[in-house]
Amino acid sequence: MGQRRLEGKVAIITGGAGGIGEATCERLAKAGAAVVVADINIESARKIADGICAGGDRAVAVQFDLLDTVSINDLVSVTMAEFGQIDVLHNNAVYNPPEAFNADGGFLEMDSTVWDNIFAGNVRAGMELVRSAAPHMIARGKGGAIINSSSGASGHGQLTMSAYGASKGALNSMTHYMATQFAPYKIRCNTMILPAVLTKGLEALFTEEQIEQFVSHTLMKEATRPADIAAVVEFLASDDAKMISGQLWKI
Ligand SMILES: NC(=O)c1ccc[n+]([C@@H]2O[C@H](COP(=O)([O-])OP(=O)(O)OC[C@H]3O[C@@H](n4cnc5c(N)ncnc54)[C@H](O)[C@@H]3O)[C@@H](O)[C@H]2O)c1
């Protein structure tokens, strides 16, 4: 790193209190951005924002709920009140409470309410965040970057997690529409298609042997960590990526 290439920018990171979100908030703040740690889990979001501020960088924690349109609009209003501009929106949060995660199985046993909630959290909220934040980017006239976090699960079939996989597929598709519609304003939209990323949460679910086995099947023979994703977000958020839009990046 060594440079503060996001100096003067303001970034909203949804799911900022999660495994990948925390690493991303910290990385973007170190690169000079003022960071909004946006999450339903406000205690953890506050701890992360406080840690960033203690290190001399700028951050604020804001609570919101992916399923609540009013809270999404409030998140954007609070960001504008706090920092006066929005340059980067990272749609990183995922709707994954245990009742939805555990019920997201195959099509034959799918509960329509579970399906609807997963789509509301992972797809509708992404649209609403953009609908709310992009007008501020457009009004300022300095462009912007929208970065979505999708999953490898969007590109292949599984016996389970049908709604999750399909919702991430919708995010992939939205990338092209957003990139097309916002290009006149120099607002770029890109999506990272993430592999299994070894967050603390995920690591706790596996034995060391299972992780070793999983790593042996990766191209780089190395587990992808949250910091690896944060580095990609920093690049996509920066002006170094000014010619990159409408791309699905398989990490
Ligand atoms: N970790 C992986 O292996 C992996 C793989 C593929 C894709 N992804 C994607 O990367 C992103 C981040 O994943 P992660 O592993 O850091 O997840 P995580 O579960 O650690 O973090 C998700 C964050 O979203 C927040 N959140 C949950 N419900 C919310 C709601 N209703 N409103 C607002 N915030 C809410 C949680 O509080 C949490 O802080 C997700 O979009 C996920 O689908 C992760």
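Worth a mention:
- R0 of 35 Å, Cβ-Cβ distance Lys142-Ala204: FRET efficiency to nearest 0.05: 0.25
- Note on Asn102/Cys53: beta-carbon distance plugged into 1/(1 + (r/R0)^6) with R0 of 51 Å gives a FRET efficiency of 0.90.
- Of Lys9/Lys47; Lys142/Lys186; Lys168/Lys250; Lys9/Lys250; Lys142/Lys242, those spanning more than 19 Å from alpha-carbon to alpha-carbon: Lys9/Lys47; Lys9/Lys250
- Under the simplified labelling scheme, the Tyr177-Arg4 pair shows an inter-label distance of 3.9 nm, with each label point 7 Å from Cα along Cα→Cβ.
- Estimated distance in nm for a label pair at Leu159 and Asp111, the labels positioned 7 Å out from Cα along Cα-to-Cβ: 2.1 nm
- Separation in nanometres of the label points that stand 7 Å from Cα toward Cβ, at Ala81 and Gln247: 3.8 nm
Each value in this text was obtained by applying a stated rule to the coordinates, not by laboratory testing. What you are looking at is a predicted structure, and each value in this text was computed from that prediction instead of being measured. Don't worry about glycine lacking a Cβ; one is built from the backbone with ideal geometry, like all the others, and counts go over all protein chains shown.
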